There are 2 protein chains.
Amino acid sequence: MYDRIKGFRDFYPPEMAARRETIDTVESVARRYGFREIETPALESAEMYADKSGEEILEELYVFEDRGGREVALTPELTPTVARMAVARQQALTKPVKWFSTRPFWRYEQVQQGRFREFYQTNVDIFGSAEPTADAEVLAVAADALTGLGLDSGDFEFRVSHRDILGGLLAAFEGEVDTRAAVRAVDKREKVEPDEYAALLTDAGLSAGQVDQFDELLATPEDRLDELVAFAGTDRVEAAVGNLQRVLAAATDLGVRDSCSLSLTTARGLDYYTGVVFECFDSTGEVSRSVFGGGRYDDLIEGFGGQSTPAVGVAPGYATLSLLCQRAGVWPEEAIETDYYVLQVGETRETAARIARDLRARGHVVESDVSGRSFGAQLDYADSINAETVVIVGERDLADGEVTLKQMESGDQTQVPVGSFPGDHERPTFDDFA
Amino acid sequence: MYDRIKGFRDFYPPEMAARRETIDTVESVARRYGFREIETPALESAEMYADKSGEEILEELYVFEDRGGREVALTPELTPTVARMAVARQQALTKPVKWFSTRPFWRYEQVQQGRFREFYQTNVDIFGSAEPTADAEVLAVAADALTGLGLDSGDFEFRVSHRDILGGLLAAFEGEVDTRAAVRAVDKREKVEPDEYAALLTDAGLSAGQVDQFDELLATPEDRLDELVAFAGTDRVEAAVGNLQRVLAAATDLGVRDSCSLSLTTARGLDYYTGVVFECFDSTGEVSRSVFGGGRYDDLIEGFGGQSTPAVGVAPGYATLSLLCQRAGVWPEEAIETDYYVLQVGETRETAARIARDLRARGHVVESDVSGRSFGAQLDYADSINAETVVIVGERDLADGEVTLKQMESGDQTQVPVGSFPGDHERPTFDDFA
């Protein structure tokens, strides 16, 4: 007996049915907004990740040398791949490019609740627009996906921040500050002790007094963002604040503003973000981790050798999303469904197969005996797969030109002329013939 | 600029739209037969493959040691994984178990037309039935999937064979014959020169005379299978021939017999098959390789430490399937489709967003400006995404309480009161208001 690899999961049909319904809902929202599906490789050159995020990122990835001597990585996220794809076809692609895809990613993580080494996301990205409407559309897709899953707009909140406000404030302090390290510290703020957070900022170059001042600035409420502009006194912070305000105004027009709250302490862990960033949280706090996040990354494609191409995206992940749906009581039932079981008694396979074929042609889920089972065993099986209707095709009935329709929930049954079944009925049930 | 890894593919939206339609068709047929979706890991213990197929198989796989010191492999096929999953839940699973899943697999192959290092398949398997009806149902799913794609039953043929007829015949020869090696030789028969084929059989232990005799036996037509039984004079061959005949009889009842032809020279490369095996071919021969195949593997689950569990399956692969569909002229158009583009002129974002939201709520694909573009640039973009209808929301029109509906194909347009759009129309078009 073999074990599966730690941090990897097997999804059996009942759980998969719930997952499929969830993924279908998210994808269907993305499609309706005009995002187009792409499909991408599981392996990329490891260099692509090392160049973008530093060699140390490779420690967290599944990296190996393939038989051709290439150092390759199992893809830990989609963004570098879509950036590579956008560069490869940059002449041919009509902007804005709007793409989505659902697939697994891999990181050598500490396995815990809602965190696995193989995890699934639907990535939704817009390339080629720097306009606030694009940021707001990404937020609107995320919100519509969540409400499409049955969540109420009060069940979740998007904590919205802006990387260039953070960067601009840090640049305004006296002394040398390592912005990248300081932003990472902000991203860890909720996950570590206050002392450790302060130490991380000190390591990044802030003095103890500056740490306090910075923390105070990050608590600025939305109606006093001009204080940040005044503090920094730079065009950079003024532009960043203005951009954030315009994104929130666009969110209002697109109907998603109520789900957004300003949260400058939200930073996102990845280095490549440049503008608005956001994370989705469970409003009740019961799911304590960020459910998913997204943001603007205007420099990545140029960094990959392409033309300057602004970009913004979001990536709902299904491990945490299922925790949120379960908390809110809207996770789909983990059960399989069957429209018909066509039960064979005696040598009736040909007729049973004809009936099953006719019902399948109408789009229904139809099983029939493939095991040479007895009447009782077939009925038990039909019950185990939650068959709604059982069509009993018996030798004696057939001699009289009839089959029996059995409604499983009530146990009621009735005889039907075999020649008129399924006949013109799109979805024939006991009630149509009783 | 980074390159993608050799043998791996990026699928951009137009091609992906055709692939998605194809995959949806195949999966929808499997669902209607009552196969239930599962989802499986990308990595498995390398030992699992080495144990089943010999250490040499690892040479063809992407194998590496993970950070925990496990030797892992990117899954080259689904069957060992589903066998592992069936064993892990063997007490809880109600038989027959019917599973399907679509996912990529990986092999370090020579890249050529229709063959990649990352390739996608939909695996469809039945566990827990040794009955011929199960084999026939798997053939019927494959045939329905192909006709569902628009192929005519004359476009393809299933070449059906039986591993235990091959094995039983080989065992009936005088001398020591390495059955596994001989079956692999049969699998290579069409791909190598006659001399090489003969040499492979000689290496497997057959004399030159036996090679000729074996080849003659493999040419036995369907109505003279009793000659094989007579040659071998063993219960084994008698049982195997009887089983093959019962599978073909079941295929008749299930309506798939016309797509099947007997072909004892069809062997399938994998070692674990035990009964009926089959391969799907392009009837015209224009696609010269096997499109996909399947068969019965009754011993695998027991070999994985489970209870004896007969199994049969098929796995349509999309690289070769697309070649067949293209040859037959039924490959879906590689194009994106859009129901509506909502065009903004001036400060009309709020109304445009409301209209887009209403249309999306009716299930349509709707794009709107996210780039702050001019009228003309938006119209060009709407054209590039094949928008059927453009809803023009202009400041001046809005002042008169109107929007303009433009049918893109004809260029015709008409004014519509904004309050009655989309109104009660499920899919409002120019014709509804002209």
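All of the numbers you see were taken from the coordinates with simple rules; none came from a lab. Quick caveat: nothing in here was measured; it's all calculated off a predicted structure. We place every Cβ from the backbone using ideal geometry, glycine too, and count neighbours over all the protein chains shown.
Points worth noting:
- Cα-based shape type of the stretch B:154-258, given that a ≥ b ≥ c are square roots of the gyration tensor eigenvalues and the cut on a/c is 1.5: oblate
- Helix A:79-88 axis, angle to chain A major axis (alpha carbon atoms, nearest 10°): 90 degrees
- Distances from A:K6 to itself in the other copies, using label points 7 Å out along the Cα-Cβ axis, amount to 3.5 nm in increasing order.
- Helix A:235-253 axis, angle to chain A major axis (alpha carbon atoms, nearest 10°): 30 degrees
- Within the listed set B:R32, B:R257, B:R117, the Gaussian network model of chain B (springs between alpha-carbon atoms below 10 Å) gives the highest mean-square fluctuation for B:R32.
- Entry note, chain B: relative contact order of 16 percent, from Cα contacts under 8 Å with a spacing of 6+ residues.
- Along the axis of the charge dipole computed for the protein assembly as shown (Cβ charges of +1 for Lys and Arg, -1 for Asp and Glu, origin at the Cα centre), the listed residues B:A250, B:G128, B:V391 are led at the positive end by B:G128.
- Two-decimal Rg/Rh across the stretch B:338-433, once Rg and the Kirkwood Rh are taken from alpha-carbon atoms: 0.91
- Prolate/oblate/rounded call for the stretch A:58-210, Cα gyration tensor, a/c under 1.5 rounded: rounded
- Coil-residue GluC sites (Glu not before Pro) of the stretch B:337-433, DSSP, other Cβ within 10 Å capped at 11: B:E347, B:E409, B:E426
- Of all lysines in the structure, those lying under 29 Å Cα to Cα from A:K188, and not within fewer than 8 positions of it along the same chain, are A:K6, A:K52.
- Table column - 3J(HN,Hα) (Hz), the stretch B:373-379, Karplus curve with 6.51, -1.76, 1.60, x for Gly and Pro: 8, 6, 3, x, 5, 5, 5
- Cβ-placed point charges (K, R +1; D, E -1), dipole of the stretch A:146-255 about Cα centre in debye, nearest 20: 360 debye
- Each residue of the stretch A:1-111 gets 154 Å³ once the volume of the Cα convex hull is shared out per residue.
- Estimated dipole of the protein assembly as shown in Debye, rounded to 20 [Cβ of Lys and Arg +1, of Asp and Glu -1, Cα centre]: 220 debye
- Scattering curve values for the protein assembly as shown, log₁₀ I(q)/I(0), Debye with Cα scatterers, q = 0.04, 0.11 Å⁻¹: -0.22, -1.35
- Distances between placed amide hydrogens fall under 5 Å for B:S368 paired with B:V342, all partners being 5 or more residues away or on another chain.
- Among B:F292, B:F421, B:F64: highest mean-square fluctuation, GNM of chain B, C-alpha pairs under 10 Å: B:F421
- Three-way shape label, the stretch B:172-227, alpha-carbon gyration tensor, a/c 1.5: oblate
- Eigen-decomposition of the gyration tensor built on the alpha-carbon atoms of the stretch B:230-332 gives equivalent ellipsoid semi-axes of 28, 18, 13 angstrom, largest listed first.
- Highest-MSF residue in chain B out of B:A387, B:A219, B:A42 [GNM, Cα springs under 10 Å]: B:A387
- The shape of the stretch B:1-66 can be summarised by an equivalent ellipsoid whose semi-axes, obtained from the alpha carbon gyration tensor, come to 29, 23, 10 Å from longest to shortest.
- Translational diffusion coefficient (Stokes-Einstein; Kirkwood radius from C-alpha pairs) of the stretch B:141-206 at 37 °C, 0.692 mPa s, in µm²/s: 235 µm²/s
- Taking the Cα centre of chain A as reference, the dipole from Cβ charges on Lys and Arg (+1) and Asp and Glu (-1) amounts to some 980 debye.
- Shortest first, A:G154 label-point distances to identical copies amount to 6.6 nm, with the label point at 7 Å from Cα along Cα→Cβ.
- Rotationally averaged projected area of chain B (alpha carbon convex hull; nm²): 27.8 nm²
- Projecting the Cα atoms of A:F8, A:V277, B:Y381 onto the dipole axis of the protein assembly as shown, where Lys and Arg carry +1 and Asp and Glu carry -1 at the beta carbon, places A:F8 farthest toward the positive end.
- Antiparallel %, DSSP beta bridges [both residues in the protein assembly as shown], to 5: 75 percent
- Helix B:132-148 and the long axis of chain B differ in direction by around 40°, with both axes built from C-alpha atoms.
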